[in-house]
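Just so you know, all these numbers are worked out from the coordinates, no wet-lab data involved. All of these numbers come straight from a predicted model, not from anything done at the bench.
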Amino acid sequence: MVGVVAFAFFGVVTGLIPNPLYARMVPRTALDYLFLTLTAAFLGIYSVQTTVPEDWRDDGAATVGTVGGFLAFGCPICNAFLLALFGSSALTTYFDPLRPLLGAVTAVLFGGLVVYRHSRSCETCENASGTQPSRE
């Protein structure tokens, strides 16, 4: 459910899902939709993995993954924070061409976090049961 809500929310506020409330100023690309989907999926998987307060120590990494993903698929000219920091010409000249790289790095890091947490939870299950699963 978290992944679906994140996809819908981020899609609407970035203009990837066309709506009357927001007009995107840069063209939509297939990579934008890919990074939106990956960010929402990783966010959904991460939220399923986070069931007890001890799991919250990775929240900073998940936050960086979410923000990085948002910057990768969001419209850089429409982002008021980036616009205030750098100006529109710097964003279109320097940041916009780097968005695919940012999206790829963020997807790899967020995916790595999800895999790491999954492998850590499998080790916890193995230690709790006292048996090793067969690897046939």
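Classify segment 1-120: rounded, prolate or oblate, from the alpha-carbon gyration tensor (a ≥ b ≥ c, eigenvalue square roots; a/c under 1.5 rounded; otherwise prolate if a/b is larger than b/c)?
Prolate, because a/c is 1.5 or more and a/b exceeds b/c.
Kindly identify segment 70-119 as rounded, prolate or oblate by the Cα gyration tensor criterion: order the square roots of the eigenvalues as a ≥ b ≥ c, call it rounded if a/c is under 1.5, otherwise compare a/b with b/c, prolate if a/b is larger, else oblate.
Judged from the Cα gyration tensor, segment 70-119 comes out prolate (a/c at least 1.5, a/b above b/c).
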